Each structure stands twice: as C-alpha cells, then as structure tokens.
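These notes concern the structure reproduced below.
The values are calculated or read from the model by the stated rules, or taken from the named source; none is laboratory data. Remember, predicted model here, so these are calculated numbers, not experimental data. Note: ideal-geometry Cβ built from the backbone for every residue, glycine included; neighbour counts use all protein chains shown.
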Amino acid sequence: MKISDLLKLSTDNLRRRKGRTILTLIGVVIGTCLIVVMISLGIALNQQYEELLRSYGDLTKIQIYNYTYGGGRNDNAPPVIDDAMLETFKAMPHVIAATPQYQANSLNAQLYSGKSDRYQTYFNAYGMDPASLEAMGISISSGEYLTGNENFGKNKIPVLVGENFGYSFEDTRKSYNSGKRYIYQGQLDANGNPVEPFVDISKDKMILRMTDGDENNPKTREYELVVVGVMKSDFNAGYFTDSGIVMSVSNLKHLENTYKKLVGSASTNNIQTGYNTVYIKVDDVDNVADVEEQIKDLGYNDIQSLSQIREQMQAQVQKQQFTLGGLAAVSLLVAALNIANTMTMAIYERTKEIGVMKVLGCELGKIRGMFLIESGAIGFLGGVVGVVISYIVSFIINNLQTIILLLGIQNESNDMMGGMMMGGMGVGMGGASSVIPWWLVVGAVVFATFVGLVSGIVPANKAVKISALEAIRRE
Amino acid sequence: MGLNPIVRVEHLRKVYRVGKEKVVALNDVNIGIMPGEVCCIVGASGSGKSTLLNQLAGLEKPTRGKVYIGKHEISAMTENELAKFRQAHLGFIFQSYNLLQNLTAVENVAMPLMFKGVGRKERTKLAMAQLKRMGLAKRANHKPTEMSGGQQQRVGIARAFVLKPRVIFADEPTGNLDTKTTRQVLYSMLEMAKENGTTFVMVTHEKDLAGCADRIITIQDGNVLSDIVVDDATKAKNRAAMFEGIATNSVPDEPVEAQADNASKA
C-alpha cells in the first residue's frame, strides 16, 4: 500500500466526520495557542531585559581584574597576566579579542600643542591591543583604527583620541584663576554657539614631553603624537573614547621605559606585575558563562560581566515561563485525551470496515498507520491553526493600546486595561510584549503533531487487534 | 490440473468456549479441494459449515489440526503473513457484501489492488475492466447505498476476482438475494471462476445451488457427512435448469441501462 493512498484514506475519514474532527481540533488549537502565547510573552520579556542590559553596556565583554600589591605575591594569588597569558585568553574558544587597558602609572609626562607650547595637558593614555579595538566596541568617527604597524618615523607615535580630547588642553598664558584658562565641552559663547577647544585634534601638532625633574638642567624627551583616528564618544566602550588617548600597548610600554631611563633607576624598582585589567570579548552572549568558567579555571577570581546579571534575569523569566507554560500544557493534555476519545469512537464506528480491510489483505501496520495519520493530522492541523490564532492574539496584545484607542473606549477602562497588561506582563520598558520567533512556530506545530500521534497510539493498537471475523459478521 | 488438492485440511478441530461450556464446532475434518474446482459446503444451521470456511480462509485459528493452501500452512501463519497471503492468493465474497459505504463501486473493487501497492491509475483501470465484466460499468461511480443487493454483490464479486486469486471463498453469497438475482449472481461467479481457473469454495444451505458444484461437502455436527464429486452429466443438467433463461454468452443483466446503452450504440 502506498503512503499516498494511506494519506488519502485517513484524510477522507477525517472529512467524513467533519463535526467531530472540528470539535477535536478546537481542543488542540486552544492548547497550542495557549502554549505559544505564554512562551511568546516570556520571550518578549527576555528581549526587554536584554535591551535594558544592553543599554548598561556590552553583554559580551568580560573584565578580569588582577591587582597585585607591591612585590609580595603569595602562592595562592592568581598568575600574572602577561602577554603570554593574553594569548592564552585569545586562544580560548568563542573569544574574539582580549586586550589589557594598560595604564603606564609610573609615566609622568605632559602634552603640548600650539605656538610655543601654549596649550598643555597631562598625558594619560591607555595601551590596548590594536587588533581588539573594533571588537571592544570602539568606533571611529573619522580616520582609521590603529593597526599596530604604522610607521610615521622616529619618535612619532600613532594614537586614537577621543572626539572631545581637545577640551582637556588648558591655556598656560592665562592665570590659574582666570576662567579663560579652560574651555569646557558644551561651553557656549555670547551668541549661544559652542566654543571650539584650544586644540584642533585633527590638525594641530601634539608633542609629548617628559623630563627628569631636574629644575636647573632638565633632561627631556619628546615624541609627536600622530592622530590616526578619532574615536566616537561611547561610554559603554569606555570614557576614554570621549576624551582619552589610546595607543598600542607596546608603544605605551616603550614610552614608560624611556621615562624610567630618563629619571634613573631610583624610581624604576617597581616590578613588572602584568596587566591588572583585561577585557575579553566573546562571540555570543550565550558563551560568556562558558568563557568565564575557563578563566576561573586559570585561577582568576575577580571577573565581571553583565551576562552574570543577565543569567539571573533569565532564570527568573524562565521560572515564570515554566509556570505559565505548564498551565498551558494542561490544556494540551486535555486536548490529547480528546483526540484519543475521538479516535476510539471512530474505531468503534469503523470496526466492520477495518475487518473488511483486514480480510482483503490490508497489513496490520497499514491499519495502525491509517489511524496514526488521522490522529497526527488532527494534531498537525490543530497546531497550524493554533499558531495562526496565536499570531492574532500576539498582535492584539502588542497593539492593545492602539486598539483600545481606535475602539474609542473611555480613558478609565483604558488605564485599567493598560495597567493590567503592564502589571501582569512586566511591560513598560517599550518594545513588543509578545514575540513569536520562527522556532516557536515550528516547535508548536511539531509538538502538537506529536501529541496527536501519541494520543492515537492506544486507539490504533485497538484497531489492529480487532478480530476480522467478528468485524465482518457485525451488521 | 494437478493431482494434489489446493486446499487441504488435516484433522481439523475447532472448539469454542461459550461461558464455561465448550462447544465443538468442528470435530475432526479431513478434506481436499482440487485446483479449479467449484466446491460447495452445505449443511444445516449450526452444522459447522461456516466455521469450516473461516478455518479454510485463515480468518480463525483452529484448536487443532492443519489447513494448507497450496504448500502453505495458513493455520500457522501470523496475521501479517496472512494479510500478505490473502493479498496474493485469496479472494472473499460475503453474504452481506461488506462493501465500504463511503467508497464508490470502482473504489471498492480497486481496494485489494491498493493494499497491494498498485498505483491509482492502474488499479482504477483494472477495477473498471472487472466491473464492466460484471455489467456494472455504468454504476462504477455509485456508492453501495445507491445500488440494489444484486448489484452490490456483483461489485463484491468483481472485488474478489480483481487480483485473479488462486482461491475464492464465499460465505452464503446469495443469502440476501431473491431467486432471480441469486441465479444471475451465481452464474457470474461460476463464469468468472471458470474463466480464471479459480478454485471456488462456497458455503450455502440451498441444495439447488450446490447442485451446480463439482464437489459437494456436507457437514453435520462438526463432521464431514459426505464428500461427493458430482458427475458431469448431473452437473450439466443441474446447471441447465439453474441458468435457464440467462443468456449464456452475454454479460449479466443491467436491464434498463443495458438496453439504453445498446440502443445508443446501434
């Protein structure tokens, strides 16, 4: 017997008893619909949480703190994060980039710009892995990212600067008490226009100068900072994108070493204790916990990421979803009993037919198959219709405010309804309150079909056991 | 025709349990039916003739003894093996026709072909040919409820013959029909059996029907009372009497439509 014939027999039978099929379908439709809507509410809630978290910062970033004080390292302390350890981090699965935010704390230098070094600021730079800049969420508003391979000549150092870096310069010709010594970001002139900073970071030459501190006969070193790109101000990526300087770790270390030589060995006794802050970028939020685990295994305990908070939020939503989904599942269970009942009825009605088919040489498997297809089809159809209705319900939930407005219902009830929806579903952060992704659609239909099939097993076996002889004798 | 019987029964015993009592339906039956024979099993009500037929067809398992069809011991087969065996070698005609009510005549006839896995087009063609042979071409797309008893039984016959089985079992095939229709239906069955060389085993309680058979097995109280091979002369006489008035070479009746059909052809 061909599958197509089996399918046709089954569907013909369903069509034959339309009323009962439809009633049974409705049960499945309601069950599927409830499950889909409940899960869609949970998904929407999760998405809202995620959006909220994203506004706090990058979810896929992990921070490792590894501060060691002085030279007194004990054996239990986490290993020093050196360049080799950085490579270990980078080699971990799912890790896209790892970079320190190196701050040359012992480096004491000034930046000068303008005619006769009129404008000045303290030098304070971050040393980062040039390859990681983009991954760390730093975006460039003009120019390019650092590559680490730039060569502008002797004593010229490529840097990225924050878009408002120019405001950190002060005018050394004005007195400390004068208001004109500084220009603040957002400062307006008499006409209400923003005042430009003293230094135009994209044009003006900036000189880094360090001295040995000898007031009478100072030894100095000078470098020119070449602005390769200007960073877009984004506090999620770090405040330095607004008014800081970023250069490659190696350049910053070079500057630091130069300074140490300049001032003499007296103050160079600080041991290289590795990087104390390292950022790691992971390819996907779902892998953050995994990477964190690996880092912990290396001995680092002070790890922070937003995804830790995210997990707590998700666990909470999940609990809620399980409760709601469980309630919905009960209605699908009732639907399953309904299907089993319908199929049993159908088999009683068709006993004679089954007997005739058996006598005429229909194999048992085919008879079982026929009934399983029927119950599976009820599940499948119920699932499909249930999903369609879920979409409608979801649309209504998401547009409840608009719909109520359109219907012209009075304000009072509007507030009440709105409040109920908001309160009940944790809505209020904006965005949709019911989201139905494709996998939920597929999952719901597959699950409903499965429920149908399972409900059909017992009745189908009953059909198989019918005695052909007794069946054909029946009038 | 071979020398070995195609249907063979050895020491067949069937006991039913009714409540706490045992009812012996068949005691110790030994029979053999030769290939191509028309065999009638006769007996009074409750003699066990229907039980015997069910055993022969493998619809019930015997309490003891063996049933062979050809080389196959069908009494030892599983239900699925039996299903396959029926598909390949057996046909059935029932007293109450047992057509599926929601299928048309042609779909009913095509059903055994469907179980065998024959495609829709091919099986409809074969079923139509079979219905035409039974003079029911015009009724092909009618449901059983729209047909007379005789017509329904002819659909049943077409269904039994459509796979050209080796053996056909018929349980009181004319039991629900009037005399005239009975004769026509019997004629159709015997003609088809002869044409296809089918062994035809029929249970009946009507003596004159049995008279047309090659072999008459009489059952009484679960035992074979007699097993007679009818001689050709008697058979010819009986058949002539039985089928008097039924045109020997024509397709059986379809009175009104057939005439209209012929008229339109002429």
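Take the residues of segment B:85-96 that are assigned to a loop (DSSP other than H, G, I, E, B) and out of contact with any Pro (no Cβ under 7 Å at 6 or more places or on another chain): which is surrounded by the most Cβ atoms within 10 Å (Cβ to Cβ)?
Step by step, filter segment B:85-96, then rank; the result is B:PHE94.
Out of the residues in segment A:142-170 meeting the condition of being of a type in the set (Val, Ile, Thr) and assigned to a strand (DSSP E or B), tell me which one is surrounded by the most Cβ atoms within 10 Å (Cβ to Cβ).
Kept after step one, since they are of a type in the set (Val, Ile, Thr), are these residues of segment A:142-170: A:147, A:157, A:159, A:161.
Applying the additional criterion that residues be assigned to a strand (DSSP E or B) yields A:157, A:159, A:161.
Values: A:ILE157: 21, A:VAL159: 24, A:VAL161: 27.
Ranking the qualifying residues of segment A:142-170, first place goes to A:VAL161.
Scanning segment A:298-326 for residues that are modelled with pLDDT of 85 or more, loosely packed, with under 14 Cβ neighbours inside 10 Å and over 24 Å from the mean Cα position of the chain (by Cα) gives A:THR323, A:GLY326.
For (1) surrounded by fewer than 20 Cβ atoms within 10 Å (Cβ to Cβ); (2) at pLDDT 85 or above; (3) part of a helix (DSSP H, G or I), each residue gets a yes or a no:
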site: A:THR68; (1), (2), (3): yes, no, no
site: A:ASN74; (1), (2), (3): yes, no, no
site: A:THR88; (1), (2), (3): yes, yes, yes
site: A:ASN105; (1), (2), (3): yes, no, no
site: A:LEU111; (1), (2), (3): no, yes, no
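Among the residues making up segment B:41-69, those that are on the phi < 0 side of the Ramachandran plot and touching a Leu at 6+ places or on another chain (Cβ under 7 Å) are B:ILE41, B:THR51, B:LEU52, B:ASN54, B:GLN55, B:ALA57, B:LEU59, B:GLU60, B:PRO62, B:VAL67. Filtering segment B:64-84 down to residues that are assigned to a helix (DSSP H, G or I) and more than 8 Å from chain A (Cβ to nearest Cβ), which residue is farthest from the chain's Cα centre (by Cα)? My answer is B:ALA76.
Looking at segment A:171-186, can you tell me whether even one residue there is farther than 18 Å from A:GLN120 by Cβ, exposed (fewer than 10 other Cβ atoms within 10 Å of the Cβ) and not β-branched (Val, Ile, Thr)?
Here is the first cut: in segment A:171-186, the residues farther than 18 Å from A:GLN120 by Cβ are A:186.
Next, from what is left, pick out any that are exposed (fewer than 10 other Cβ atoms within 10 Å of the Cβ): A:186.
Imposing the further condition that a residue be not β-branched (Val, Ile, Thr) reduces the set to A:186.
For segment A:171-186, residues farther than 18 Å from A:GLN120 by Cβ, exposed (fewer than 10 other Cβ atoms within 10 Å of the Cβ) and not β-branched (Val, Ile, Thr): present.
Any chance you could count how many residues in segment A:201-218 are in contact (Cβ under 8 Å) with a residue 24 or more places away in the chain and touching a strand residue (DSSP E or B) at 6+ places or on another chain (Cβ under 7 Å)? If you could, list the steps in order and put the result at the bottom.
Here is the first cut: in segment A:201-218, the ones in contact (Cβ under 8 Å) with a residue 24 or more places away in the chain are A:201-202, A:204-213.
Now narrow it down to the ones that are touching a strand residue (DSSP E or B) at 6+ places or on another chain (Cβ under 7 Å): A:201-202, A:204-211.
Number of matching residues: 10.
Scanning segment B:190-204 for residues that are part of a loop (DSSP other than H, G, I, E, B) and surrounded by fewer than 17 Cβ atoms within 10 Å (Cβ to Cβ) yields a total of 1. Selection of segment A:327-361 for residues being small (Gly, Ala, Ser) and either within 14 Å of another protein chain (Cβ to nearest Cβ) or free of Cβ contacts under 8 Å to residues at least 40 places away in the same chain (or both) yields A:ALA346, A:GLY355, A:GLY361. Considering (1) of a type in the set (Asp, Glu); (2) within 19 Å of the chain's Cα centre (by Cα); (3) at pLDDT below 85; (4) not in a helix (DSSP H, G or I), the lone condition that A:GLU51 does not fulfil carries the number (4). Of all residues in segment B:97-106, those satisfying the criterion of being more than 7 Å from chain A (Cβ to nearest Cβ) and either surrounded by fewer than 19 Cβ atoms within 10 Å (Cβ to Cβ) or hydroxyl-bearing (Ser, Thr, Tyr) (or both) are B:TYR97, B:GLN101, B:LEU103, B:THR104. Being in a loop (DSSP other than H, G, I, E, B), touching a strand residue (DSSP E or B) at 6+ places or on another chain (Cβ under 8 Å) and not assigned by TED's automatic domain parsing to the domain that holds A:ILE138: is that true of A:ILE64 here? Taking the combined requirement at face value, the residue does not satisfy it.
Residue-by-condition table, conditions (1) more than 18 Å from the chain's Cα centre (by Cα); (2) among the basic types (Lys, Arg):
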| position | (1), (2) |
| --- | --- |
| B:ARG13 | yes, yes |
| B:VAL18 | yes, no |
| B:GLU21 | yes, no |
| B:LEU26 | yes, no |
| B:MET34 | no, no |
| B:CYS40 | no, no |
| B:GLY48 | no, no |
| B:LEU52 | no, no |
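Considering the conditions (1) more than 19 Å from A:PHE123 (Cβ to Cβ); (2) outside any helix (DSSP H, G or I); (3) within 28 Å of the chain's Cα centre (by Cα); (4) modelled with pLDDT under 85, A:ASP286 is excluded by exactly one of them, (2). If a residue has to be more than 9 Å from chain B (Cβ to nearest Cβ), surrounded by 16 or more Cβ atoms within 10 Å (Cβ to Cβ) and polar (S, T, N, Q) to count, how many in segment A:1-26 make the cut? Total satisfying the criteria: 3.
B:GLY119 satisfies every condition listed in (1) crowded, with 17+ Cβ neighbours inside 10 Å; (2) at the interface with another protein chain (Cβ under 9 Å from one of its Cβ atoms) except (1).
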